[in-house]
Amino acid sequence: MLNTPHVALPYDAEGYVAFTENPKVELMKGWITTIMVLMCLFLMVGAVSAAGNANFVTLVAKDPATWEPIEGGAWGRMMFKEVPKPMFVFNGKGLLLGQDYSLINYFDPWGSVPQCAILGTGVANDEGCVNIKGNAAGFSGKIWLVPSKDLTGTQFNAWNPTEYLFETALI
């Protein structure tokens, strides 16, 4: 038999040996927890500030007689930002299936040359949704979603406002 000194071990209420941590280890655990919480906060603040410079504009179907939004009609939302990289994302819903669409920056007055700048194009999927992404540098004013067939280059060749989505606020 080994000749080892008897060591009194602390036992908990259930009869298990209750080990206690070294106070330095406990202190380190506290610091690690604090650092982890701060890192999470910094990441959340960074994510919010990255999205914080984003702007949004809603496009809706409008009644051409009154220019009021059509309740329950097609609509879309565009998110755009200038920094750190100018970009936009447009998502439209309630559109004609398989229709080619152009997201445009329309220039007043009617008949201007060019009439618009094409920001991007997309095809409505089998659920009537379209997603268009692109560069957001330099556009302002009116943003419309129109069937691509109504454009020849940057000029309108037809006027079918019941098929268009119009901005609810100027950019």
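None of the figures in this text is laboratory data; all of them are computed from the coordinates on show. What you see is a predicted model; the values in this text were computed from it and never measured. Heads up, the Cβs are rebuilt from the backbone with ideal geometry, glycines too, and the neighbour counts pull from every protein chain shown.
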Sparse-neighbourhood loop sites, chymotrypsin sites (Phe, Trp or Tyr not before Pro) in the stretch 53-82 - DSSP loop, at most 12 other Cβ within 10 angstrom: 67
For the stretch 49-171, size of Cβ-based charge dipole, Lys and Arg +1, Asp and Glu -1, in debye: 420 debye
Three semi-axes of the equivalent ellipsoid, the stretch 114-171, Cα gyration tensor, whole Å, largest first: 17, 16, 12
Whole-Hz couplings from phi, Karplus 6.51/-1.76/1.60, listed for the stretch 53-68; x for Gly and Pro: 8, 7, 10, 10, 9, 9, 10, 9, 6, 10, 6, x, 6, 10, 6, 8
Vicinal HN-Hα couplings computed from phi for the stretch 147-159 (Karplus, 6.51 cos²θ - 1.76 cosθ + 1.60; Hz; Gly/Pro x): x, 4, 5, 8, 10, 10, x, 9, 10, 6, 10, 7, 10
